[in-house]
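The values are calculated or read from the model by the stated rules, or taken from the named source; none is laboratory data. Being a predicted model, the structure only gives us computed values, none of them experimental. Counting neighbours? That spans all protein chains shown, and the Cβs are built from the backbone with ideal geometry, glycine included.
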Amino acid sequence: HEADFRASRKLARAGLVQEGRMRTTVRYRGHVRAYVTRTAWRSPLGDEIVVRYMPELESGRRIRWDHRVVESAQAVRRDVAGLVHDFACALREKSGALARAKRTGRATAEDRKQRADLRALLRAVEGVGGGVEREAA
């Protein structure tokens, strides 16, 4: 079993499976016993790889990884706080560009509305992010 656990952990580090624990109960002759067992299931990334590379997986052929696939997989595996931070930074950048357009007199009514919408969205994202670092816009 330990070899299976090592393999599962390796796949989890690669983002192909997710690991967890599952509580199960067994009834036998009037007695109930509870066990906690390790379990693993394919992650969304693992599911996508199975769909895209089924012929290679079934035949045992090597899969040649494109660098874009690897970079995409790394982005998918980012933690939620990092993704929220990046999204908030992108919102601040766009809002800052609209503010600069306003200062130079090039902002349209649509730009002002879009900036107000972006600022409202940013407040919501920062609330979800639980204290995402504030950067200068």
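Among the residues making up the range 13-37, those that are within 24 Å of residue 57 (Cβ to Cβ) and modelled with pLDDT of 85 or more are 17, 18, 19, 20. When the residues of the range 10-34 are filtered to those that are part of a helix (DSSP H, G or I) and within 18 Å of the chain's Cα centre (by Cα), which remaining residue is surrounded by the fewest Cβ atoms within 10 Å (Cβ to Cβ)? This residue is 13. Tallying residues that are in contact with a helix residue (DSSP H, G or I) (Cβ under 7 Å, 6 or more places away or on another chain), modelled with pLDDT of 75 or more, within 16 Å of residue 96 (Cα to Cα) and not basic (Lys, Arg) within the range 118-137 yields 3.
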